[in-house]
Structures are given as C-alpha cells and as structure tokens.
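Engineer: Attaching a single structure in structure tokens format; questions to follow.
The values are calculated or read from the model by the stated rules, or taken from the named source; none is laboratory data. None of the values given here were measured: they were computed from a predicted structure. All Cβ positions, glycine included, derive from the backbone under ideal geometry; neighbour counts span all protein chains shown. Note: accessible area is taken over every heavy atom of the protein model, side chains too, but ligands, DNA and RNA are not part of it. Shrake-Rupley method; radii C 1.70, N 1.55, O 1.52, S 1.80 Å.
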Amino acid sequence: MNGSGQTSLPGFGSPAIEDRLFFAVYPDAATAERIASLALELRGHHGFRGKPLAPERLHVTLHHLGDYAGVPNDVVRMAGDAAARITGAPFGIGFDRATSFGARRGRCPFVLLGDSPDIQAMVELQRRLGDAMKASGLARHVEPNFTPHVTLLYDDRVVAEERIEPIRWQVGEFVLVHSLIGHSRHIPLARWTLR
C-alpha cells in the first residue's frame, strides 16, 4: 500500500506518480499577466523555444511536499496543521532580474529574481513555514536553501543575468497546491491569509 492508500496489484506495477504537493505564493491576476507578457518578450529576445508558463501557474514555491500516486490525506492534514501556525502581516515583494538557473544545457528554468530588502520577508515566511512543518511531522520536506524566484519557462539555452523593469506585488496569502504532473494544472487545496 502506498501513502495515498492505494495498493498495487501483482503484475500491474506501482501506480503512476502524477500528484505533486507544494506551498506557494501567487501574484495577483494583473501582475501574473504582466509577468506572462514579460516572459513572451524575453523568450523572443533570447530565442528560447520553451513555452512560457500560463499566467495562472506563475508562482514562488515555498516548500515542495513530494510527488505521489494520489493525494496523500496525511500529508495534506500535516501541511494544514503547519500552515495554521503561521501569522504575519502582508508584505510587498519585487523582482528586478531575469536569468537561467543551472549552467548545464538541458531543461533549465529561466526565472525572475529579486534582491530588494522585501525579498527578506519572503525568506522569513518560508523559514517560519519550514519550522512549522518540522513541528507538524513534515521535516523531511523542509527546503533548507531558498532563493525566491518565479519560473517563466524551461529551455535548453542558458542566458546570463539581466536587469528588468521591477515587477512588484503585495503578498497577502500562501497556498497549498496540488499539481497534476504533466498536465500543466494547479489546483489550490487551501489558502491561508496573512494578517
């Protein structure tokens, strides 16, 4: 039996791993459209062939909670317990650079980065959520190294860092997301408001 309560039948192998869980912060709809437009512009400028992410999928991942065959209720419950412990005021965040992650050729993420002081508020939210995850039984999923970024697309070309017109938004919540791997679809399972 796997973590989702499903069993494998003899001769049929294990169920397919198609369900990903993660905590994320999403931009508001207008900002997501602005980021998507920038992604198209930079794609053309750099000659990327990778398809930009749809506006509704643009986000900052706080913690990846694993890939599964089915959504594991125990992980969702522990994630909810952790998230409920988080308090804090909304904060602004800004991204002012674009670059490729990874120096190797292949499916490299092309991302937005920021180094403004308010990026530290995102780092602090991620750290506090990680501490709460440890207390809720999800310690193995805590990301110890965190660089806040928004992935625009994936491509086999690698480009150097460049400055962009800053893109800012107000972070007022974080979300537990169920991603259907290979289907380009994010399903919000729960949201927590920063107050």
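Engineer: When only DSSP loop residues count, what trypsin sites (Lys or Arg not before Pro) in the range 70-111 have their Cβ near at most 15 other Cβ atoms within 10 Å? Could you put the intermediate results ahead of the total?
Structural biologist: Values: sites: ARG77, ARG85, ARG97, ARG104, ARG105, ARG107; in loops: ARG85, ARG104, ARG105, ARG107.
In loop regions of the range 70-111 (DSSP not H, G, I, E or B), the sparsely surrounded trypsin sites (Lys or Arg not before Pro) are ARG85, ARG104, ARG105, ARG107.
Engineer: Still on this structure, I have one more. Quick one: length gained pulling ASP28 to ILE86 fully straight, 0.36 nm per residue minus the C-alpha distance?
Structural biologist: So the chain would gain 18.8 nm between ASP28 and ILE86.
Engineer: Something else now. What residues have an amide H closer than 5 Å to that of PHE91, excluding those fewer than 5 places away on the same chain, when H is modeled at 1.01 Å from N in the peptide plane?
Structural biologist: Excluding prolines and chain starts, which carry no amide H, the hits are VAL171.
Engineer: Here's something else I'd like to know. Please turn the phi angles of the range 107-124 into ³J(HN,Hα) values with the Karplus equation 6.51 cos²θ - 1.76 cosθ + 1.60 (θ = phi - 60°), one per residue in order, whole Hz, x for glycine and proline.
Structural biologist: Result, ordered by residue: 8, 8, x, 9, 10, 9, 10, x, 9, 5, x, 6, 4, 4, 5, 5, 4, 5 Hz.
Engineer: Please give the calculated 222 nm ellipticity per residue for the chain, where each DSSP H segment of at least 4 residues contributes -39500 (n - 2.57) and the sum is spread over every residue; nearest 500 deg cm²/dmol? Write down the numbers at each step before the final one.
Structural biologist: Details: 3 runs with 47 residues, N = 195.
Helix-only estimate at 222 nm: -8000 deg cm²/dmol.
Engineer: Still on this structure, please answer the following. Please find the FRET efficiency linking SER14 to ARG49, where r is the Cβ-Cβ separation and R0 is fixed at 25 Å, and quote it to the nearest 0.05. Each step should come with its number before you reach the end.
Structural biologist: Details: r = 33 Å, r/R0 = 1.33.
My answer for the efficiency is 0.15.
Engineer: Same structure again: Could you give me the percent of Cα pairs per 5 Å distance bin for the range 100-147, shortest bin first, beginning at zero and ending with the bin that holds the maximum distance?
Structural biologist: 5, 18, 18, 16, 17, 16, 9, 1
Engineer: Using a 1.4 Å probe and counting only protein heavy atoms, arrange THR31, THR147 so the residue with the most accessible area comes first. Working shown, then result.
Structural biologist: Numbers: THR31 15, THR147 75 Å².
Result of the area sort, largest leading: THR147, THR31.
Engineer: Return, for the Cα atoms of the range 73-138, the radius of gyration and Dmax in Å, separated by a comma.
Structural biologist: In order Rg, Dmax, the Cα atoms of the range 73-138 give 15.7, 41 Å.
Engineer: Ratio of the range 128-170's C-alpha Rg to 2.2 N^0.38 Å, to two decimals? Before the final figure, lay out each step's value.
Structural biologist: Details: Rg = 15.9 Å, N = 43, 2.2 N^0.38 = 9.2 Å.
Against the empirical 2.2 N^0.38 Å value, I get 1.73 for the range 128-170.
Engineer: I would also like to ask the following. So if each residue of separation counts as 0.36 nm, and I subtract the Cα-Cα distance between ARG77 and ASP115, what length gain in nm does that give? Provide the component values of the computation, followed by the final result.
Structural biologist: Working: separation 38, 0.36 × 38 = 13.68 nm, distance 3.39 nm.
Contour length minus the Cα-Cα distance gives 10.3 nm.
Engineer: Identify which of the listed values of P(r) over Cα pairs in 10 Å bins from 0, in percent was calculated from the structure shown: (1) 7, 23, 36, 27, 6, 0; (2) 9, 39, 39, 13, 1; (3) 9, 33, 35, 19, 5, 0.
Structural biologist: Looking at P(r) over Cα pairs in 10 Å bins from 0, in percent for this model, the match is (3).
Engineer: Could you please put ILE181, ILE93, ILE164, ILE17 in sequence from largest to smallest accessible area, using a 1.4 Å probe? Could the numbers behind the result be given before it?
Structural biologist: Values: ILE181 55, ILE93 0, ILE164 25, ILE17 95 Å².
Solvent-accessible surface, decreasing: ILE17, ILE181, ILE164, ILE93.
Engineer: Apply the Karplus curve 6.51 cos²θ - 1.76 cosθ + 1.60, θ = phi - 60°, to the phi angles in the range 37-46 and return the couplings in whole Hz, x for Gly and Pro.
Structural biologist: 5, 4, 4, 5, 4, 5, 4, x, 4, 9
Engineer: Would you list the P(r) distribution for the range 42-111, with all Cα-Cα distances sorted into 10 Å bins from 0 and each bin expressed as a whole %?
Structural biologist: 12, 33, 30, 22, 3
Engineer: Quick one: in the range 143-189, what % of C-alpha pairs are over 14 Å apart? If you can, show how the numbers build up before the last one.
Structural biologist: Values: 817 of 1081 pairs.
When every Cα pair of the range 143-189 is considered, 76 percent fall beyond 14 Å.
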